Amino acid sequence: MSEISNVPKIGAEKIQSGTGIKARPVHITPDQPIGLFDSGVGGLTVVKEIMRKLPSEDLVYVADTARVPYGGRSSKEIIKINVEIINFLMSKKVKMVVMACGTSSSIAYPVLKDEYPVPIISMIEPGSKAALNASRNKVIGIIATVGTVHSMAYQEAIRRMDPSARPLAAACPLFVPLIEGGFTEAEETKKVAREYLKPLLAEGIDTLIMGCTHYPHISKLLKGILGPHVALIDPAREAANLVLTTLKEENLLAENKKAQYEYFVSGSAPQFVELGSRLLGRPIAGAEQVKFG
Ligand code: DGL
């Protein structure tokens, strides 16, 4: 188990009080890895898209399974957790951080986006943009964690991009424990999903954003309930495009090479490796346990 020490730490308290330490210029090179994190296996939906779109990029992924779910935690807790994990990723010399977590993107991103010497990517803008492109009637449903829904991040981003749009959000707190438990095709998950989606469908949504990165793991099940006339949006697709354009702009795209993938987990490593391999659709060779906090 690796402990986090000797990491140049940006203090969570300072950041919360709005007096964050501004990014110090450091030398970043294209061969450094991209860092991604989530509370668990959710961010693997983002990893999958980045592996597909950017096969030469090395990735370092953190699954904070000791503290999953994030969805019901206070903003203060989410920001503190984000600072700990981003500091850890900085110690792994990442050239970019992808908040592969909707809850972190909606609560911590606005506070932390300029506090580090590397670009930080959130899921909110890409997800909103993809939904507006797909929608005809502009009645856009968002399913996400309680924290994401209450933050209004998606609702505000969509209205900012198109003031005529009507975003409607529903919190789905049971999905993350069901997915982390591996119940991605279970009848129980289907039942719960039907209940969560009913009010959104009754409002006439023609597009639905999976606003929590765990949810694309049950996209088949969701699609079955939504039917063919509702577009289902995985923000990870557009986020991978944003990663590509940002790396290009910053001259940080990796050269053609075979990528290396490293996984760190705060909970059980074997459990993450087993479920993660199944959900990622390719074997995760191993994960190292890491202690935060
Ligand atoms: N996958 C995360 C998200 O996108 C975290 C969900 C949770 O831990 O509650 O919100």
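The values are calculated or read from the model by the stated rules, or taken from the named source; none is laboratory data. From a predicted model like this one, the values you see are computed outputs, not experimental measurements. Quick reminder, even Gly has a Cβ in these numbers, built from the backbone with ideal geometry, and neighbours come from all protein chains shown. Protein only, heavy atoms only, side chains kept; ligands, DNA and RNA dropped before computing areas. Shrake-Rupley method; radii C 1.70, N 1.55, O 1.52, S 1.80 Å.
Of the listed pairs Lys92/Lys190; Lys53/Lys191; Lys80/Lys138; Lys48/Lys190; Lys95/Lys129; Lys93/Lys129, which have alpha-carbon separations greater than 32 Å here?
Lys92/Lys190; Lys53/Lys191; Lys80/Lys138
Tell me, what % of the accessible area of the chain is carbon and sulfur with a 1.4 angstrom probe?
Reported share for carbon and sulfur atoms: 53 percent.
In what sequence, largest accessible area first, do Thr207, Thr245 appear using a 1.4 Å probe?
Reading off the accessible areas and sorting them downward yields Thr245, Thr207.
From the gyration tensor of the Cα coordinates in the chain, what semi-axes in whole Å does the equivalent ellipsoid have, largest first, with each one equal to sqrt(5λ)?
Ellipsoid semi-axes (Å, largest first): 29, 21, 19.
What residues have an amide H closer than 5 Å to that of Thr207, excluding those fewer than 5 places away on the same chain, when H is modeled at 1.01 Å from N in the peptide plane?
Gly141, Ala231
In whole Hz, with x marking every Gly and Pro, tabulate ³J(HN,Hα) for the range 180-187 from phi via Karplus 6.51 cos²θ - 1.76 cosθ + 1.60, θ = phi - 60°.
Couplings: 4, x, x, 8, 7, 10, 6, 4 Hz.
Obtain the radius of gyration and the Kirkwood radius of the range 225-285 from its C-alpha atoms and give Rg over Rh.
1.09
For the chain, what relative contact order do you get, as a whole percent, if you take Cα pairs closer than 8 Å and at least 6 residues apart?
27 percent
Accessible area of Met161, 1.4 Å probe, to the nearest 10 Å²?
Per-residue accessible area (Met161): approximately 80 Å².
With a probe of 1.4 Å, find how much accessible area the range 54-106 has per residue, and write the answer as a whole number in Å².
About 26 Å² of surface per residue is accessible.
Kindly give the semi-axes, whole Å and largest first, of the ellipsoid equivalent to the range 41-156, taking each as the square root of 5 times a Cα gyration tensor eigenvalue.
Calculated on Cα positions only, the semi-axes equal 23, 19, 13 Å.
Taking the highest mean first, how do the peptides 272-284, 255-267 order by number of other beta carbon atoms within 10 angstrom per residue?
Answer by packing, highest mean first, reads 272-284, 255-267.
How much area per residue is accessible in the range 143-293 when the probe is 1.4 Å and only protein heavy atoms are counted (Å²)?
I get 50 Å² per residue for the range 143-293.
Quick one: pull the percentage of alpha-carbon pairs in the range 98-230 with a separation above 17 Å.
Here the long-distance tail beyond 17 Å is 57 percent of all Cα pairs in the range 98-230.
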